[in-house]
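The values are calculated or read from the model by the stated rules, or taken from the named source; none is laboratory data. Note that the coordinates shown come from a computational prediction; the quantities given were computed from them, not determined experimentally. Here Cβ is always computed from backbone atoms with ideal geometry, including for glycine, and neighbour counts include all displayed protein chains. Note: accessible area is taken over every heavy atom of the protein model, side chains too, but ligands, DNA and RNA are not part of it. Shrake-Rupley method; radii C 1.70, N 1.55, O 1.52, S 1.80 Å.
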Amino acid sequence: MNLICETQVVADYLTVTDEVNYDHPLVAGLASELAASSEDQVDYIKQSYMYVRDQIAHSWDIKSSRVTCSASETLIYKEGICYAKSNLLCAILRREGIPSGFCYQRLTIGDTPDTGYCIHALNAVYIHHLDSWIRLDARGNKPGIQAEFSLDEEKLAFTIRKEYDEAEYMTIFKSPHVKTIEALKNNTDCINMYLYGLPEQL
């Protein structure tokens with residue numbers, strides 16, 4: 001997987017932003033708890049990933065109408081779609097000085113192209129001892145979706161089906177893509193947003 005960094009300035013993947021607000025007390029506190037129980041940096045990355053994947057519900061899966069966006073908001077309400085969950089995972093990692101960013105896929109909303117398309121968000125994280133970036137998808141598992149932490153091979157939530165005109169975006173963005181944030185900011189009902197308000201392409 002030939003991922004391409006949006007910027008070669010590592011510090012750009014460590015910044016605090018409105019969405020990746022790791023300076024918030026709750027996000028900082030969670031990062032400290034995870035760090036205290038981790039054996040090393042890789043274990044911290046794995047624990048952070050599993051926390052967001054398993055402890056933060058995907059809003060569509062629980063049929064919630066709430067729209068969350070920032071890392072702190074996602075943590076407070078313990079729910080969000082992939083855009084919000086990727087903000088939280090990025091914030092937890094950056095809090096401990098681990099470069100992390102955002103990656104995207106273009107997927108069908110349902111099982112077939114006639115259901116329309118949407119942009120799906122996941123994260124990329126820099127593994128220091130491997131001198132390499134890996135992608136992690138904290139969307140949340142359910143029947144038919146089984147994403148895992150892996151250093152050896154990607155185990156993401158979704159496999160791209162080129163015959164359905166799905167696509168991988170190979171860029172590791174330093175900030176959440178503006179189209180994903182606009183979707184979160186411009187909608188008040190998550191279910192309606194998920195069906196009709198997500199961007200179809202970057």
Quiz item: When you take every Cα atom in region 1-156, what is the radius of gyration, and what is Dmax, the widest Cα pair distance, in Å?
Solution: 15.0, 47
Quiz item: Amide H to amide H under 5 Å from Asn21: which residues, 5+ apart in sequence or cross-chain, H placed 1.01 Å off N in plane?
Solution: Ala71, Ser72
Practice problem: Express the carbon and sulfur contribution to the solvent-accessible surface of the chain as a percent, rounded to the nearest whole number, probe 1.4 angstrom. | Solution: 47
Exercise. Compute the relative contact order of the chain as a whole-number percentage, counting only Cα pairs closer than 8 Å that sit 6 or more residues apart in sequence.
Key: 25
Quiz item: Rounded to two decimals, what ratio of Rg to Rh does region 39-121 give with C-alpha atoms and a Kirkwood Rh?
Solution: 1.02
Practice problem: Order Glu166, Glu73, most accessible first, counting only protein heavy atoms with a 1.4 angstrom probe. | Solution: Glu73, Glu166
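Counting heavy atoms of the protein chains only and a 1.4 Å probe, report the per residue accessible area for region 51-158 as a whole number of Å². Numbers along the way, then the final one.
Numbers: 4000 Å² over 108 residues.
Computed with neighbouring chains in place, this is 37 Å² per residue.
Given the rule -39500 (n - 2.57) for each run of at least 4 DSSP H residues, summed and divided by the residues of the chain, what is its mean residue ellipticity at 222 nm, to the nearest 500 deg cm²/dmol? Don't skip to the end; give the middle numbers.
Numbers: 5 runs with 56 residues, N = 202.
Helix-only estimate at 222 nm: -8500 deg cm²/dmol.
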Self-check item: Built amide H within the under 5 Å cut-off of Cys5, gap 5+
Solution: Ile172
Quiz item: Cα to Cα, under 29 Å, and not fewer than 8 places away if on the same chain: which lysines meet these conditions relative to Lys78?
Solution: Lys46, Lys63, Lys142, Lys155, Lys174, Lys179, Lys185
Practice problem: Note down the net charge around Asp12, summing +1 for each Lys or Arg and -1 for each Asp or Glu among other residues with Cβ under 13 Å from its Cβ. | Solution: +1
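I want the local charge near Thr112. Using Cβ-Cβ distances under 13 Å, sum +1 for each Lys or Arg and -1 for each Asp or Glu among the other residues.
Result for the neighbourhood of Thr112: -4.
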